[in-house]
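Participant: Below is one structure. I have some questions about it.
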Amino acid sequence: MAATTIIRNGYVFDPLNEIDGEIKDIFIKDGKVVADLYGAEKRDARVIDASGKTVMPGGVDSHAHVAGTKVNAGRLMRPEDHYKFVRQKTALTHSGSGYTIPSVYKQGYDYAAMGYTTVFEAAMPPLEARHTHEEMRATPILDMGAYMVLGNNWFIMRYLRDGEIEKAAAYVAWMLRTHKGYGIKCVNPAGVENWGWAQNVHSLDEPNIHFEVTPREVIRGLAEVNELLGLPISLHLHANNLGHPGNWEITRDSLQIMEGLEPRTKTDLHWPETKMDASRRQTIYLAHAQFNSFGGTSWRDFCSGVEDLVHYINQVDHVVIDNGAVPFGPGTAMTGDGPAIHDLYMLSGQKWSNSDIEMECGSGVIPYTYMKSSPINSVQWAMGLELMLLIKDPWKTIMTTDHPNGGVFTQYPEVIAWLMSRKAREDTFKECHKWAQDRSSLPAVDREMSLYEIAIVTRANQARTIGIANRKGHLSAGADGDVTVLDLNPTTLDSNDYAAIKRAFSRPEYTVKDGEVIACKGEIVSVLDGNRFYCSPHVDEDLETEMLADVNEWFKYYTVGFANYPVPGKCLKNPVPISVNRPIDAARRS
Amino acid sequence: MEVILRPKGEIGIMVEAEVINPETFACRSKEEIEGLVVWQGPTNHPLSEFFEVAVREDGSPEETSILIDGDVSRVKHIGHSMNAGRIEIRGSVGMHVGSEMSGGSILVKGNAGSWAGMEMKGGLLQIEGDAGDHVGSAYRGSWRGMSGGRILIGGTARSQLGGGLAGGEIVVGGDVENFCGIRQAGGFIIVHGTAVRGVGAEMNGGMIVICGGIRQLSPGFMDAGQEDGPVLGENHLVGIFNKLLGDYAISKNPKGVLYVSGGGVA
């Protein structure tokens, strides 16, 4: 391993440092970015010539489904997704297969070949945490972490109903430590619990069965817990009524719940200096907003509700969304929102899998193909792009496909091309159902994102939003040596030539991780093991003891023994615990 | 162009030979054809390891015919994805013959293994002997099977014939076993012999004719009268047939049609 690397003469896009296409050299030493190199370190450095090319921090995906039982359920129920997408073994890499739900090895290589170095699994049920970590352990190259699904957890619902926010915080802290989770994911709050009785909740103030807690109480409660503990990421919300016409209103109302809450991160991380403040400003990170911005009242008058939702988001500063784009083609819908997947099954009649995760949550998986000939799917395509283009401040948006729900992560370059090129959008309008034009505002949108903005929505904002800008998403001295070099010359870039944009983002010239060249023009040239980030929050010991007594009381309802519940350290390769809330000054209300 | 392949002897682990395809052979020399790579388990080998190759003239794929002079029941994927030309096999053939073919023709003088004509889109696949499971069906996990072309089987076929059939025609001279036409959405299946059970399960379109009777009818089919000597497309059937509609287990208004004669509906 060359200890030092220089990426020379590239056009650098580093939004957290407000660097917009300046020609600069990037220096990396012992895996970290440094300000400069001296003497032998400079002389002996490996030099990557990036003249005429675009240089960005390594890609960060803050919302994908890449590890865990639901992903594996998808793999098992979809042999047809695998047999035509096969990766051959090489001297360096494992074999693999799969398109919408590739095997773990193929997944790691495909992300790395596309310039991504960091990927977070967005839904880890606590009971399935061990499986999730074991899959992540087998995923090559990528740095990873996982958000824990807590929005329908019996203990959380009980504490929030009884107004015991401190105990809820103690429980979340213990759960994150126990299962090596990174953040809090809240999926159809209060609704998935009802799904156990074949029901759902449909408004923010509808109490659910038995617990009689409302979605509003769960969302507000978990968000408060999040800020009490001072987690690096805010609450990640999959809102209620997902996939139902007219759901943009409940989405807006859910975002409003957070008003007045202050973002507060309290970790022991060392933060390198960046020109912009790299700490998160949001208190709510809305997941796959496209699926929750539906307009109309039925499938007959279905339309985009993005303009209405965006009208609110443009006025506030406490919201970040990821869009959940729909780039057309096969997907595999998988979510902790069991009833939403059942709704999709009733519409499409495809094979369908459903799972009840005991006292914690639920989940469902169903294959789904988004077709240009479908009026609904065509509007969804337009909506995914509207969200990115109508929200004025790119620091409120993150580009995803909610892989593999709206589309596959290998389609990101296509989404980037649509964002950067009006012509790309116009050409797609010609191919898809006219509802895309008639029932969305996309035809009137002239905006074309710049490379600087693309660097925000594919890297910098992901890192900032989930609180890993201490090492990812920028190229300040002290950041991880993760760099993507793209074969795009910004001085001659023509947004009409969107095929070139797509090509460049699909197969970057170089993916550099921790200072090592990992991939070159789509070929994996070296393989290393990534880090696994998780949060380790501290709370008052007496409070924890009280909370654990409650856990013990109800643990008899689980099918596992208490001793087998935690994820053992051996399930993680290169674990990176992040100490949160120490010294303890929260989780105790004064 | 005519290419003759003579099997060199017994084959142990099955060989994956999708390269045996008129398009791949067209305009290639004898040496080039001998050098085409086939997989056997985890290793690859030149085609010449398993076949003696003889080539007469050369020409386009449409004019290319491949003659396999012997038993290739341990060779898979012959004619996979072919869309022109002709293959004749003077013996039995292994799994996946003519899978995903879209044109041209394949004649098998002996028996064929499972998955013959899987997800076929066009062309003609003729098997003079018996066929295995999944003839003209969808790949495992997929719901869309054969969508065009014809499969003619002289002998019997086993289970899941025409699974997910969306178009095209399958004719079976003998009997079939279970779940013939499962999840059929279109196309036409005619079985001159008998069927065991599960015929047309979850079908919502297309037509199945079982001339020799079904041992156990699927429960989701409703009686729609009798017809004497029905004429179905080019098929003039002889005798009295019960007509049924289904499968009501999958839809309130299914478009699947099933004709049964001979042993009738037991």
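The values are calculated or read from the model by the stated rules, or taken from the named source; none is laboratory data. Just so you know, these numbers come straight off a predicted model, no measurement behind them. Cβ sites come from the backbone with ideal geometry, for glycine too, and all protein chains shown count toward neighbours. Just so you know, the surface numbers come from the protein's heavy atoms only, side chains and all, with ligands and any DNA or RNA stripped out. Shrake-Rupley method; radii C 1.70, N 1.55, O 1.52, S 1.80 Å.
Participant: Compute, for region A:292-359, the length of the dipole vector about the Cα centre, with Cβ point charges of +1 (Lys, Arg) and -1 (Asp, Glu) only. Units Debye, rounded to 20.
Facilitator: Working: 2 positive and 9 negative charges, 65 e Å.
It comes to approximately 320 debye.
Participant: Quick check for me: using +1 on Lys/Arg Cβ and -1 on Asp/Glu Cβ, what's the dipole size of chain B about its Cα centre, in debye to the nearest 20?
Facilitator: With Lys and Arg at +1 and Asp and Glu at -1, about 820 debye.
Participant: If you take every DSSP beta bridge whose two residues both sit in region B:160-266, what share of them, in percent to the nearest 5, is antiparallel? Please report the intermediate quantities before stating the final value.
Facilitator: Values: 12 of 28 bridges.
Here the antiparallel bridges make up roughly 45 percent for region B:160-266.
Participant: Run the helix sum for chain A: -39,500 (n - 2.57) per DSSP H stretch of 4+ residues, divided by residue count, reported at 222 nm to the nearest 500 deg cm²/dmol.
Facilitator: -8500 deg cm²/dmol
Participant: Charges on Cβ only, +1 for Lys and Arg, -1 for Asp and Glu, centred on the Cα centroid of chain B; of B:GLY193, B:MET203, B:GLY141, which one is farthest towards the dipole's positive end?
Facilitator: Positive-end residue among those listed: B:MET203.
Participant: Ranked from the most accessible area to the least, with a 1.4 Å probe and all protein chains present, what is the order of A:ASP14, A:ASP317?
Facilitator: Order by accessible area, largest first: A:ASP317, A:ASP14.
Participant: In addition: Might you work out the accessible area of B:ARG144 for me, using a 1.4 Å probe with all protein chains in place, and round it to the nearest 10 Å²?
Facilitator: Estimated to the nearest 10 Å², B:ARG144 gives 150 Å².
Participant: Still on this structure: Across the residues of B:138-144, average count of Cβ atoms on other protein chains within 10 Å?
Facilitator: Per-residue shielding by partner chains comes out at 5.
Participant: Let me have the relative contact order for chain A, percent, based on Cα pairs under 8 Å that are six or more residues apart. It would help to have the intermediate numbers written out before the result.
Facilitator: Values: 1497 pairs, mean separation 126.3, N = 590.
Contact order relative to length: 21 percent.
Participant: Out of all DSSP beta bridges in the protein assembly as shown, what portion is antiparallel? Express it as a percent rounded to 5.
Facilitator: 45
Participant: For region A:1-72, what is the relative contact order in percent, using Cα pairs closer than 8 Å and at least 6 residues apart in sequence? Display every interim value, and only then the final one.
Facilitator: Values: 107 pairs, mean separation 27.8, N = 72.
So the answer I get is 39 percent.
Participant: Report the label-to-label distance for B:MET222 and A:LYS570 in nanometres (one decimal), using points 7 Å from each Cα along the Cα→Cβ vector.
Facilitator: 6.1
Participant: 222 nm [θ] for chain B, helices only, -39500 (n - 2.57) per DSSP H run of 4+, per residue, to 500?
Facilitator: Computed mean residue ellipticity for chain B: -500 deg cm²/dmol.
Participant: Dipole of region A:1-69 (Lys/Arg Cβ +1, Asp/Glu Cβ -1, origin at the Cα centre): which of A:ALA45, A:GLY10, A:ALA35 lies farthest to the positive side?
Facilitator: Of A:ALA45, A:GLY10, A:ALA35, it is A:ALA45.
Participant: Now, a different point. Tell me the per residue accessible area of chain B using a 1.4 Å probe; a whole number in Å² is fine.
Facilitator: Result: 41 Å² of accessible area for each residue.
Participant: For region A:109-171 and region A:522-590, what is the separation of their Cα centres, given in Å?
Facilitator: Answer, in whole Å: 10.
Participant: Heavy atoms of the protein only, probe of 1.4 Å, neighbouring chains included. What is the accessible area of A:THR492 in Å², nearest 10?
Facilitator: 100
Participant: Given the whole protein assembly as supplied and a 1.4 Å probe, what does the accessible area of B:ASP130 come to in Å², nearest 10?
Facilitator: Rounded to the nearest 10, the figure is 60 Å².
Participant: Pull up all non-local amide H partners of B:PHE51: gap of 5 or more, or a different chain, and H-to-H distance under 5 Å with H placed in the peptide plane.
Facilitator: B:LYS8
Participant: Okay, moving on. Which whole-number percent is the relative contact order of region A:374-465 (Cα, under 8 Å, 6+ apart)?
Facilitator: RCO, region A:374-465: 44 percent.
Participant: Give the peptides A:143-150, A:374-381 in descending order of average Cβ contacts within 10 Å, highest first.
Facilitator: Going from most to least packed, we get A:143-150, A:374-381.
Participant: Please give every one of the aspartates and glutamates within straight-line cross-link reach of A:LYS275, meaning a C-alpha to C-alpha distance under 13 Å, and leave out same-chain neighbours fewer than 8 residues apart.
Facilitator: Straight-line reach from A:LYS275, under 13 Å: A:ASP14, A:GLU18, A:ASP20.
Participant: Averaged over its residues, how many other protein chain Cβ atoms are within 10 Å of peptide A:487-499's Cβ atoms?
Facilitator: 0
Participant: Sticking with this structure for a sec: For a quick check: with amide H placed at 1.01 Å from N, whose amide H comes under 5 Å from A:VAL149's, ignoring anything fewer than 5 positions away on the same chain?
Facilitator: Excluding prolines and chain starts, which carry no amide H, the hits are A:MET124, A:LYS185.
Participant: Can you put A:GLU360, B:GLU202 in order of accessible area, largest first, using a 1.4 Å probe? All intermediate terms of the calculation are to be shown ahead of the outcome.
Facilitator: Working: A:GLU360 0, B:GLU202 70 Å².
Putting A:GLU360, B:GLU202 in descending order of accessible area: B:GLU202, A:GLU360.
Participant: So if I take the centroid of the Cα atoms in region B:70-97 and the same for region B:142-164, what is the distance between those two points in Å?
Facilitator: Measuring centre to centre over Cα atoms gives 16 Å.
Participant: Using a probe of 1.4 angstrom, how much of the accessible area of the protein assembly as shown is carbon and sulfur, in percent? Kindly include the intermediate steps, with their values, before the conclusion.
Facilitator: Working: 14760 of 30880 Å².
Summing carbon and sulfur atoms, their accessible area is 48 percent of the total for the protein assembly as shown.
Participant: Might you report the magnitude of the Cβ-based charge dipole of chain A about its Cα centre, with Lys and Arg at +1 and Asp and Glu at -1, to the nearest 20 debye?
Facilitator: I would put it at about 1520 debye.
Participant: Compute for chains A and B the buried accessible surface, both sides summed, probe 1.4 Å, and express it in Å² to the nearest 100.
Facilitator: 700
Participant: Ordering B:ARG86, A:ARG464 by how much accessible area each has at a 1.4 Å probe, largest first, what is the list?
Facilitator: Numbers: B:ARG86 95, A:ARG464 20 Å².
Final ranking, largest accessible area leading: B:ARG86, A:ARG464.
Participant: Farthest toward the dipole's positive end in chain A, which of A:ALA504, A:ASN200, A:SER348, given Cβ charges of +1 (Lys, Arg) and -1 (Asp, Glu) about the Cα centre?
Facilitator: Towards the positive end, the residue furthest out is A:ALA504.
Participant: Sticking with this structure for a sec: Per residue of A:289-298, what is the mean number of Cβ atoms on other protein chains within 10 angstrom of that residue's Cβ?
Facilitator: Details: counts 0, 0, 0, 0, 0, 0, 0, 0, 0, 0.
The mean count of partner-chain Cβ atoms within 10 Å per residue comes to 0.
Participant: Moving on to the next point. Mind jotting down the distance between the C-alpha centroids of region A:294-340 and region B:35-64, whole Å?
Facilitator: After rounding, the separation between the Cα centres reads 53 Å.
Participant: Which percentage, to the nearest 5, of the DSSP beta bridges contained in region A:1-123 is antiparallel? It would help to have the intermediate numbers written out before the result.
Facilitator: Numbers: 14 of 24 bridges.
The antiparallel proportion sits near 60 percent.
Participant: With the cut-off at 18 Å, tell me which of the pairs A:LYS29/A:LYS472; A:LYS106/A:LYS372; A:LYS472/A:LYS502; A:LYS70/A:LYS185; A:LYS24/A:LYS53; B:LYS8/B:LYS76 have Cα atoms farther apart than that.
Facilitator: Over 18 Å apart, Cα to Cα: A:LYS106/A:LYS372; A:LYS472/A:LYS502.
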